Amino acid sequence: MTFTRRDRDRRLTVRLLVVATGLVLAGCSYRGTSTELYQPSPTLAVADDRGETIYRRDCAWCHGSEGGGTARGPSVIEGLNGPASIDFYVSTGRMPLNDPSEPAEPSGPSYTPSEIRDIVRYTTTLGAAGPEIPEVHPEEGAIGLGAELYQENCAACHSTTAVGGVLAAESDALARSRIAPGLQEVGSRQITEAMLIGPGTMPVFGAESFDEEDYNSIVAYVEYLQDPDDNGGAPLGHTGPVTEGAVGWIVGLGATLFLIRWIGTRVGEE
Amino acid sequence: MLKKVARWIDNRLGTSAFTQDALNKVFPDHWSFMVGEIALYAFVVLIVTGIFLSFFFDASTSQSVYDGSYAPLVGVEVSDAYKSTLEISLDVRAGLVMRQTHHWAALVFVAAIVVHLCRIFFTGAFRSPRELNWIIGITLLILAIFNGFTGYSLPDDLLSGTGLRIAYSIALSVPLLGTWMGFLIFGGEFPADQIISRLLVTHIMIVPALIIGLLTAHLALLWRQKHTQFPEPGRTEHNVVGSKLWPTYAAKSLGLFFGVFAILVLMGGLFQINPIWLYGPFEPQQVSSPAQPDWYLGWVDGALRLFPAVELRAFGFEIPNPFYPGVLLPGVTFLALYAWPFLEQAFTHDREPHNLLDRPRDRPMRTALGATTLAFYTVMFIASSSDLIAKWFTVSVLDLVRVFQVLVILIPPAVGWATYRLMKALAGSGAPRLTEMPLSALTHPNGRGNGAFPHQERGRDAHAGGATAGDDGDGRSAARTGGDGALPAQRIDDRE
């Protein structure tokens with residue numbers, strides 16, 4: 001088999017295309033976050049109380065042995081910080097961090113539910129005063145009321161379909177203040193805790209904003225949005241006209257262009 | 001029986017001679033000549049599904065408490081427009097597939113018009129004597145975009161209300177007239193009660209009537225002036241080589257119609273579009289997120305996001321910031337499009353009629369300018385999803401906007417320069433197609449006749465002297481075009 005110069009050039013074109021495609025795909029896979037696991041120091045003394053052991057081992061380095069905070073991290077017992085706040089940060093995996101400069105982003109929790117209960121109980125003995133862990137009963141809420149309250153108070157940042165959105169923050173702002181996270185994976189307790197304590201840039205929606213029925217209703221609507229009536233076929237990520245436009249061009253116009261190329265001829269073709 | 005009816009009609013109207021002529025009309029074959037037909041058939045789908053939707057839509061903003069079948073909104077106060085769209089989507093039999101097909105057809109309709117416009121531009125089909133049809137085509141594009149936006153705004157959900165608020169703000173930004181215009185169009189201060197019913201009349205009567213009228217003129221002019229064709233052996237400025245309308249082209253076109261219809265209905269059934277039940281009803285104090293227009297207004301949205309925060313005062317009046325990206329840019333865009341055939345004539349001094357098309361490489365400067373323009377609008381179009389891109393890549397959206405502000409200036413000239421070089425190289429290589437061009441041509445753009453394609457000269461003059469033949473009724477007249485006889489079984493027609 002012999003190759004002419006034209007064949008070689010063609011193969012080069014194909015290779016360049018493959019490389020370009022690879023680069024584009026590699027660019028798309030970039031997420032900018034590392035997922036290194038938290039490694040507690042093995043040299044810490046073990047206390048009788050499991051919550052105290054974990055707190056001293058994993059939290060005290062930044063938040064202080066009495067919970068009052070250090071230069072590396074804020075107090076966990078002042079203001080709205082307390083059981084609801086600690087349960088929220090730990091059970092959504094935002095805490096603990098490997099390094100205080102890292103963004104506090106949601107991921108899987110590092111502890112079992114009973115360990116988290118112990119941590120929270122221990123911090124209350126330090127004098128944490130903020131809201132208690134709420135009891136949520138979304139089944140008692142009115143979903144229509146929840147829809148109204150969600151659209152009015154939450155949708156502008158977390159998006160109408162709860163897929164999350166961005167906040168207009170400068171690049172030197174903490175990463176957690178750049179986005180309003182999507183709510184697809186959040187549990188009902190954590191949704192309510194977030195409203196009570198206002199983590200990151202989120203405002204506080206406390207007792208002066210909502211009553212118990214409001215909380216239950218909002219949680220009911222968010223839970224509905226996590227698995228909504230998806231009539232009409234593939235939901236395309238619930239992100240609206242951007243993905244719809246891409247499908248319109250690629251699938252819609254793409255298929256019709258394929259069709260006319262199939263029906264039609266090109267120059268030199270019969 | 002059929003013959004009898006035909007004879008009866010012919011005796012009274014004398015239609016048979018015209019029909020005979022029409023059925024024998026020759027259309028040149030090239031796949032890209034059918035892009036406009038995609039738009040035409042998408043428009044037919046829009047009308048069919050739109051009529052269905054109009055049976056059930058109620059364009060009223062009067063509010064009532066929803067108590068229909070969609071449980072999550074029971075007890076919520078909604079407008080009749082939103083309620084009827086919910087009913088179309090969730091209660092009316094086949095309502096959702098009709099609504100979704102209508103919406104997908106709108107996206108494909110405008111997309112096909114834009115691709116058709118590109119085909120006309122890059123092949124020089126707008127040149128004399130077809131400037132009029134170019135102008136009609138640009139008007140059709142504007143009307144299509146406008147009608148898309150009015151349709152997007154009808155359901156009175158939170159997303160469309162956000163879009164209307166932006167449109168209202170753009171109207172307000174026009175110096176001196178803005179406030180009056182906003183009030184005139186909306187019937188009062190936003191959100192005015194009458195806007196939905198006004199939008200409906202515009203969307204289903206005024207603009208469609210204009211589109212149908214101009215579309216008819218567009219096709220009549222095409223019929224009268226006959227279609228352009230690519231230069232090929234046997235094809236000259238004075239003939240049309242291709243298939244007869246009946247049966248060949250009619251069969252192709254009918255097949256395309258069914259194909260487009262099938263694709264759009266399939267999309268309507270398989271892909272969710274604009275799930276307004278999830279977006280919720282519009283409330284003036286609320287705003288949806290992420291909020292984008294449908295794709296064909298993405299470039300305006302992107303321009304609004306990218307335009308720097310400049311406010312100028314002239315003669316004591318402030319020119320509000322959205323005026324530049326929201327009014328001036330679209331105005332200049334469409335004016336430049338209208339003027340293009342005449343601008344090019346002024347630059348090239350070529351006012352001769354042309355029935356043979358250019359290949360993009362034949363006119364590297366035009367092709368490069370077109371690519372530059374497309375790149376400019378594409379960057380703005382992508383910038384309209386800056387919030388989603390920032391979220392997906394967890395970067396600061398403000399940084400991203402600054403990056404796009406630089407890219408929108410840097411990328412278009414780079415694309416233009418690269419296109420120019422590519423077209424020069426392609427023309428120099430003599431390769432019949434871009435994919436067959438040797439890469440060495442890029443480094444030696446003037447290496448014409450470098451040996452790769454010695455027999456592929458397709459110059460416009462190569463066959464310009466070929467003889468032409470008129471109708472001879474047997475459909476095999478191509479054999480009479482002279483020595484090369486390249487197109488057997490093709491049909492040839494004289495141009496007047």
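When B:PHE126, B:PHE56, B:PHE122 are checked against the criterion of being under 19 Å from the mean Cα position of the chain (by Cα), more than 14 Å from chain A (Cβ to nearest Cβ) and open to solvent by 30 Å² or more (accessible area, probe 1.4 Å), a single residue qualifies: B:PHE122. Examine the stretch A:49-58 for a residue that is surrounded by 13 or more Cβ atoms within 10 Å (Cβ to Cβ), under 17 Å from A:ALA104 (Cα atoms) and either assigned by TED's automatic domain parsing to the domain that holds A:ILE116 or modelled with pLDDT under 60 (or both), and state whether such a residue exists. There is at least one residue in the stretch A:49-58 that is surrounded by 13 or more Cβ atoms within 10 Å (Cβ to Cβ), under 17 Å from A:ALA104 (Cα atoms) and either assigned by TED's automatic domain parsing to the domain that holds A:ILE116 or modelled with pLDDT under 60 (or both).
Filtering the stretch B:339-361 to residues that are away from every other protein chain (no Cβ under 13 Å) and open to solvent by less than 60 Å² (accessible area, probe 1.4 Å) leaves B:ALA339, B:TRP340, B:PRO341, B:GLU344, B:GLN345, B:ALA346, B:ASP350, B:HIS354, B:ASN355. Among the conditions (1) facing chain A (nearest Cβ under 7 Å); (2) within 27 Å of B:GLU77 (Cβ to Cβ), B:GLY269 misses just one, which is (2). Out of the residues in the stretch B:162-197 meeting the condition of being of a type in the set (Ser, Thr, Tyr) and in a helix (DSSP H, G or I), tell me which one is surrounded by the fewest Cβ atoms within 10 Å (Cβ to Cβ). Per the stated criteria, the residue is B:THR179. Of all residues in the stretch A:86-104, those being within 17 Å of A:SER75 (Cα to Cα) and β-branched (Val, Ile, Thr) number 2. Residues in the stretch B:3-39 that are within 14 Å of chain A (Cβ to nearest Cβ) and touching a residue at least 60 places away in the same chain (Cβ under 8 Å): B:PHE27, B:PRO28, B:ASP29, B:HIS30, B:SER32, B:PHE33, B:MET34, B:VAL35, B:GLY36, B:GLU37, B:ILE38, B:ALA39. Listed by position, the strands (runs of 3 or more DSSP E) enclosed by the stretch B:1-105 that each have at least 1 residues that are closer than 30 Å to A:ALA220 by Cα and not polar (S, T, N, Q) are B:63-65, B:77-79. Put simply, of B:LEU214, B:LEU254 the only residue that is at pLDDT 90 or above and within 13 Å of another protein chain (Cβ to nearest Cβ) is B:LEU254.
Considering only the stretch B:40-49, state which residues are surrounded by 20 or more Cβ atoms within 10 Å (Cβ to Cβ) and either away from every other protein chain (no Cβ under 14 Å) or farther than 24 Å from B:GLN225 by Cα (or both).
Passing the criteria: B:ALA42, B:VAL45, B:LEU46, B:THR49.
Among the residues of the stretch B:278-288, those identified as within 7 Å of chain A (Cβ to nearest Cβ), touching a residue at least 12 places away in the same chain (Cβ under 8 Å) and open to solvent by less than 20 Å² (accessible area, probe 1.4 Å) are B:TYR279, B:GLY280, B:GLN286, B:SER288. Can you tell me how many residues in the stretch B:347-362 are under 22 Å from B:HIS238 (Cα atoms) and under 24 Å from the mean Cα position of the chain (by Cα)? Qualifying residue count, the stretch B:347-362: 7. Any residue that is in a loop (DSSP other than H, G, I, E, B), away from chain A (no Cβ under 14 Å) and either at pLDDT 95 or above or within 27 Å of B:PHE404 (Cα to Cα) (or both) - is there at least one of those in the stretch B:292-307? Scanning the stretch B:292-307 turns up at least one residue that is in a loop (DSSP other than H, G, I, E, B), away from chain A (no Cβ under 14 Å) and either at pLDDT 95 or above or within 27 Å of B:PHE404 (Cα to Cα) (or both). Of note, B:GLY259 does not satisfy the criterion of being within 20 Å of the chain's Cα centre (by Cα), free of Cβ contacts under 8 Å to residues at least 24 places away in the same chain and either away from chain A (no Cβ under 13 Å) or not in a helix (DSSP H, G or I) (or both). Where residues in the stretch B:363-391 are more than 13 Å from chain A (Cβ to nearest Cβ) and open to solvent by 60 Å² or more (accessible area, probe 1.4 Å), which of them is farthest from B:LEU410 (Cα to Cα)? Across the stretch B:363-391, the extreme among qualifying residues is B:ARG363.
Quick grid of which residues meet (1) in contact (Cβ under 8 Å) with a residue 40 or more places away in the chain; (2) surrounded by 17 or more Cβ atoms within 10 Å (Cβ to Cβ); (3) farther than 30 Å from B:TYR70 by Cα; (4) touching a Cys at 6+ places or on another chain (Cβ under 7 Å):
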residue	(1), (2), (3), (4)
A:SER65	no, no, yes, no
A:GLY108	no, no, yes, no
A:VAL120	yes, yes, yes, no
A:PRO131	yes, yes, yes, no
A:VAL136	yes, yes, no, no
A:ALA147	yes, yes, no, no
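If the condition is being more than 8 Å from every other protein chain (Cβ to nearest Cβ) and open to solvent by 50 Å² or more (accessible area, probe 1.4 Å), then the stretch B:392-410 contributes B:TRP392, B:ARG402, B:VAL403, B:GLN405, B:VAL406, B:LEU407, B:ILE409, B:LEU410.
The values are calculated or read from the model by the stated rules, or taken from the named source; none is laboratory data. Since the structure is predicted, the reported quantities are computational estimates derived from the model, not experimental observations. Please note: Cβ atoms are built from the backbone with ideal geometry, for glycine as well, and neighbour counts cover all protein chains shown. Accessible surface is based on the protein model in full, side chains and every heavy atom, while ligands, DNA and RNA are left aside. Shrake-Rupley method; radii C 1.70, N 1.55, O 1.52, S 1.80 Å.
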